[in-house]
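K.L.:
Sharing a structure below in structure tokens format, with a few things to ask.
The values are calculated or read from the model by the stated rules, or taken from the named source; none is laboratory data. Note that the structure is a prediction, hence the values are computed from the model and not measured. Cβ atoms come from the backbone with ideal geometry, glycine included; neighbour counts cover every protein chain shown. The protein model used for the area step is the full one, side chains on, heavy atoms only, and it has no ligands, DNA or RNA in it. Shrake-Rupley method; radii C 1.70, N 1.55, O 1.52, S 1.80 Å.
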Amino acid sequence: MLSTSNDRRRLFWAAPALGYLAFFFLYPLWLLVDTSVREVSLGTAGQRGNPLVGASNYRSVLADHAFLGAIPRTFLFLLATVAIQLVLGMCLALVLNQRFRLLSVPRFLVYFVWLLPPVVSGAVWKFALDGSEQGAVNAMLLRTGIVHEPVLFLTQPTLAMGLIAFVTAWAGVPFVAIVLTAALKDVPEELYEAAKVDGAGPWRRFRSVALPSMASTIGILSSLLIIYSFKAFDYIFIMTQGGPGTSTATVPFLAYVVSFTQFDFGLGSAIGVMSVLFALLCASPYIIRTWKERPS
């Protein structure tokens, strides 16, 4: 009886959050799935009873060259952004975990970059990487004699994709650094002292003591970074809008292009459903771990 009463009390307090999730998550998700199996264009978007086409949209998407080209591009983008964030975030966390006089300076820079809106930082990077002599990066390269003519950073497909991956990772490094700094502080000091007594140097202590203790945090963090990087939209839209052509469009961004540039909402929704399934697959380790650690 007590358990039933507690369950009802928990359900009562959780009801507003459940209602919010149902209205702002489950209902839009149902609309996305429903639209993905219908023929919906700009002229019929607000109408009811759009023709049901079943899996036709999915077959069209899987046969589309732009979508098939976006798949390996998206995986490379995820690999680059997650790797950069983990490596740079770990390096920064090791700095923030130290005690020295000017520690407030890197801390300020970390919080400053993290708090910048993506629209602002994306616009700054776009102007800095402008392909003319007025671009800050080109101006510096020309002045130092490294190049003799402006580099077209954002109009060369491979270079533009790499730069977008770097900028996306750059914006996420502060979050990674903060999480890993907290994980480093949770490593028992006794383990470091024991490793010192055994003659282990800084790199050996990091590899043999810190990394194993942080393995769980790094695993969960990697899952979250894959999801955040996969749904990256702001920097692609601001810096290249998926161009030239669709050479810098990832799978989720391609859903936007198909839906709001070509106005084929059925195909765009089909790409969106596939994106959601991939995101759920990436999130499954985090969901499973959270479920296991839930209070009884």
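K.L.:
Show me the helices (runs of 4 or more DSSP H) entirely contained within the range 1-106 in which 3 or more residues are exposed (fewer than 11 other Cβ atoms within 10 Å of the Cβ), of a type in the set (D, E, K, R) and out of contact with any helix residue (DSSP H, G or I) (no Cβ under 6 Å at 6 or more places or on another chain).
P.N.:
2-21
K.L.:
Can you name the residue in the range 139-150 that is in contact with a helix residue (DSSP H, G or I) (Cβ under 9 Å, 6 or more places away or on another chain) and aliphatic (A, V, I, L, M) and, of all such residues, is least open to solvent (accessible area, probe 1.4 Å)?
P.N.:
Among those that are in contact with a helix residue (DSSP H, G or I) (Cβ under 9 Å, 6 or more places away or on another chain) and aliphatic (A, V, I, L, M), it is Val147.
K.L.:
Being part of a helix (DSSP H, G or I), open to solvent by less than 20 Å² (accessible area, probe 1.4 Å) and of a type outside the set (Phe, Trp, Tyr) is the requirement here; does Ile164 meet it?
P.N.:
So Ile164 passes the test.
K.L.:
Considering only residues that are at negative phi and over 37 Å from the mean Cα position of the chain (by Cα), look in the range 194-203 and name the one that is least open to solvent (accessible area, probe 1.4 Å).
P.N.:
Residue satisfying both the conditions and the ranking: Ala194.
K.L.:
Considering only residues that are buried (at least 16 other Cβ atoms within 10 Å of the Cβ) and aromatic (Phe, Trp, Tyr), look in the range 255-291 and name the one that is farthest from Leu224 (Cα to Cα).
P.N.:
In this case the residue turns out to be Phe265.
K.L.:
How many residues are assigned to a helix (DSSP H, G or I), open to solvent by less than 80 Å² (accessible area, probe 1.4 Å) and either touching a residue at least 24 places away in the same chain (Cβ under 8 Å) or touching a Ser or Thr at 6+ places or on another chain (Cβ under 9 Å) (or both) when one looks only at the range 107-138?
P.N.:
Matching residues across the range 107-138 total 8.
K.L.:
OK, next. Select from the range 186-210 the residues that are in contact with a helix residue (DSSP H, G or I) (Cβ under 8 Å, 6 or more places away or on another chain) and within 30 Å of Phe75 (Cβ to Cβ) and list them in ascending order.
P.N.:
Passing the criteria: Phe206, Ala210.
K.L.:
Could you please let me know if Val273 is touching a strand residue (DSSP E or B) at 6+ places or on another chain (Cβ under 7 Å), more than 26 Å from Ile178 (Cα to Cα) and part of a helix (DSSP H, G or I)?
P.N.:
In short, no.
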